[in-house]
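Colleague: I'd like to ask you about the structure that follows.
The values are calculated or read from the model by the stated rules, or taken from the named source; none is laboratory data. Just so it is clear, the structure is predicted and the values come from calculations on it, not from any experiment. Heads up, the Cβs are rebuilt from the backbone with ideal geometry, glycines too, and the neighbour counts pull from every protein chain shown.
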Amino acid sequence: MSNSTIKREKPRALRARVTRVALVVDLTDGRTVTVPLSWYPRLKHGTTRERARWRRIARGEGLHWPDLDEDVSVENLLAGVRSRESRRSYARWRATHALLRRAARTRHRKN
(Lines give C-alpha, C1' and ligand atoms only; values in the text may rest on other atoms or scores of the structure.)
Protein backbone atom coordinates (compact mmCIF):
# COMPACT_ATOMS: atom_id res chain seq x y z
CA MET A 1 0.00 0.00 0.00
CA SER A 2 1.37 3.36 -0.90
CA ASN A 3 0.70 6.65 0.70
CA SER A 4 0.94 9.67 -1.47
CA THR A 5 1.03 13.04 0.06
CA ILE A 6 -0.18 16.00 -1.90
CA LYS A 7 1.55 19.14 -0.88
CA ARG A 8 -0.74 22.08 -1.32
CA GLU A 9 0.39 25.62 -1.48
CA LYS A 10 -1.60 28.03 0.62
CA PRO A 11 -3.56 30.43 -1.56
CA ARG A 12 -2.13 33.92 -1.62
CA ALA A 13 -3.53 37.29 -2.61
CA LEU A 14 -2.83 38.52 -6.13
CA ARG A 15 -5.07 41.57 -6.34
CA ALA A 16 -7.51 43.44 -4.14
CA ARG A 17 -10.14 46.06 -4.68
CA VAL A 18 -12.57 47.75 -2.39
CA THR A 19 -16.02 48.60 -3.70
CA ARG A 20 -18.70 50.65 -1.96
CA VAL A 21 -19.92 47.50 -0.20
CA ALA A 22 -17.24 44.79 -0.37
CA LEU A 23 -13.60 43.79 -0.19
CA VAL A 24 -12.78 41.64 -3.23
CA VAL A 25 -9.55 39.63 -3.29
CA ASP A 26 -8.29 37.50 -6.20
CA LEU A 27 -6.21 34.51 -5.05
CA THR A 28 -3.37 32.56 -6.64
CA ASP A 29 -5.52 29.40 -6.84
CA GLY A 30 -8.03 31.11 -9.13
CA ARG A 31 -10.67 31.89 -6.51
CA THR A 32 -12.05 35.33 -5.80
CA VAL A 33 -13.15 36.02 -2.25
CA THR A 34 -15.71 38.74 -1.60
CA VAL A 35 -16.60 39.82 1.94
CA PRO A 36 -18.80 42.64 3.21
CA LEU A 37 -16.95 45.89 3.75
CA SER A 38 -18.66 46.15 7.14
CA TRP A 39 -16.30 43.38 8.31
CA TYR A 40 -13.43 45.87 8.14
CA PRO A 41 -14.53 49.25 9.57
CA ARG A 42 -11.23 50.98 8.76
CA LEU A 43 -11.65 50.10 5.09
CA LYS A 44 -15.31 51.05 5.22
CA HIS A 45 -14.53 54.52 6.52
CA GLY A 46 -11.47 55.11 4.34
CA THR A 47 -11.53 57.33 1.30
CA THR A 48 -11.47 55.89 -2.20
CA ARG A 49 -7.84 56.95 -2.46
CA GLU A 50 -6.88 55.34 0.88
CA ARG A 51 -8.64 52.10 -0.07
CA ALA A 52 -6.92 51.97 -3.46
CA ARG A 53 -3.44 52.17 -1.91
CA TRP A 54 -2.63 48.68 -0.65
CA ARG A 55 0.23 46.21 -0.86
CA ARG A 56 0.73 42.49 -0.47
CA ILE A 57 2.51 41.39 2.68
CA ALA A 58 4.36 38.13 3.39
CA ARG A 59 4.38 37.25 -0.33
CA GLY A 60 0.60 37.54 -0.52
CA GLU A 61 -0.38 35.87 2.74
CA GLY A 62 -2.05 39.15 3.58
CA LEU A 63 -2.82 42.66 2.47
CA HIS A 64 -1.90 45.99 4.07
CA TRP A 65 -3.45 49.44 3.66
CA PRO A 66 -0.79 51.86 4.97
CA ASP A 67 -3.03 54.94 5.05
CA LEU A 68 -5.60 53.07 7.13
CA ASP A 69 -3.19 50.93 9.18
CA GLU A 70 -5.26 47.87 8.25
CA ASP A 71 -4.02 44.32 7.69
CA VAL A 72 -6.14 41.46 6.36
CA SER A 73 -4.89 37.90 6.07
CA VAL A 74 -5.98 35.53 3.32
CA GLU A 75 -6.38 32.81 5.94
CA ASN A 76 -8.94 34.90 7.83
CA LEU A 77 -10.76 35.85 4.62
CA LEU A 78 -11.15 32.18 3.71
CA ALA A 79 -12.25 31.29 7.25
CA GLY A 80 -14.85 34.06 7.29
CA VAL A 81 -13.17 35.91 10.14
CA ARG A 82 -13.96 39.60 10.30
CA SER A 83 -11.88 42.31 11.97
CA ARG A 84 -11.33 41.60 15.65
CA GLU A 85 -10.53 45.19 16.55
CA SER A 86 -12.34 46.35 19.67
CA ARG A 87 -14.81 49.24 19.51
CA ARG A 88 -12.57 51.25 21.81
CA SER A 89 -9.50 50.75 19.59
CA TYR A 90 -11.49 51.57 16.46
CA ALA A 91 -12.90 54.76 18.05
CA ARG A 92 -9.37 55.90 18.97
CA TRP A 93 -8.13 55.14 15.45
CA ARG A 94 -11.05 56.99 13.86
CA ALA A 95 -10.44 60.12 15.96
CA THR A 96 -6.72 60.11 15.16
CA HIS A 97 -7.35 59.40 11.49
CA ALA A 98 -9.76 62.35 11.25
CA LEU A 99 -7.11 64.67 12.70
CA LEU A 100 -4.50 63.39 10.25
CA ARG A 101 -6.86 63.92 7.31
CA ARG A 102 -7.55 67.50 8.38
CA ALA A 103 -3.84 68.21 8.76
CA ALA A 104 -3.15 66.78 5.30
CA ARG A 105 -5.89 68.95 3.74
CA THR A 106 -4.45 72.03 5.47
CA ARG A 107 -0.93 71.27 4.16
CA HIS A 108 -2.33 70.71 0.68
CA ARG A 109 -4.13 74.09 0.69
CA LYS A 110 -0.96 75.91 1.77
CA ASN A 111 0.99 74.48 -1.18
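Colleague: Determine which single condition ASP69 fails, assuming it passes every other condition in (1) without any contact (Cβ under 8 Å) to a residue 24 or more places away in the chain; (2) over 14 Å from ALA13 (Cα atoms).
Modeller: Unmet for ASP69, out of (1) without any contact (Cβ under 8 Å) to a residue 24 or more places away in the chain; (2) over 14 Å from ALA13 (Cα atoms): (1).
Colleague: I've got another one for you. Can you tell me which residue among VAL25, VAL33 is of a type in the set (A, V, I, L, M, F, W, C), crowded, with 17+ Cβ neighbours inside 10 Å and over 10 Å from the mean Cα position of the chain (by Cα)?
Modeller: VAL33
Colleague: Going through SER83, SER89 one at a time, which residue ends up being of a type in the set (Ser, Thr, Tyr) and surrounded by 14 or more Cβ atoms within 10 Å (Cβ to Cβ)?
Modeller: SER83
Colleague: Looking only at residues in segment 55-80 that are within 10 Å of the chain's Cα centre (by Cα) and loosely packed, with under 14 Cβ neighbours inside 10 Å, which one is farthest from TYR40 (Cα to Cα)?
Modeller: ARG55
Colleague: Of everything in segment 11-52, what is touching a Gly at 6+ places or on another chain (Cβ under 9 Å) and either at pLDDT below 95 or of a type in the set (Lys, Arg) (or both)? Give them in sequence order.
Modeller: ARG12
Colleague: If you check ARG12, ARG49, ARG17, ARG42, which single one turns out to be surrounded by 11 or more Cβ atoms within 10 Å (Cβ to Cβ) and within 19 Å of LEU100 (Cα to Cα)?
Modeller: Exactly one residue qualifies, and that residue is ARG42.
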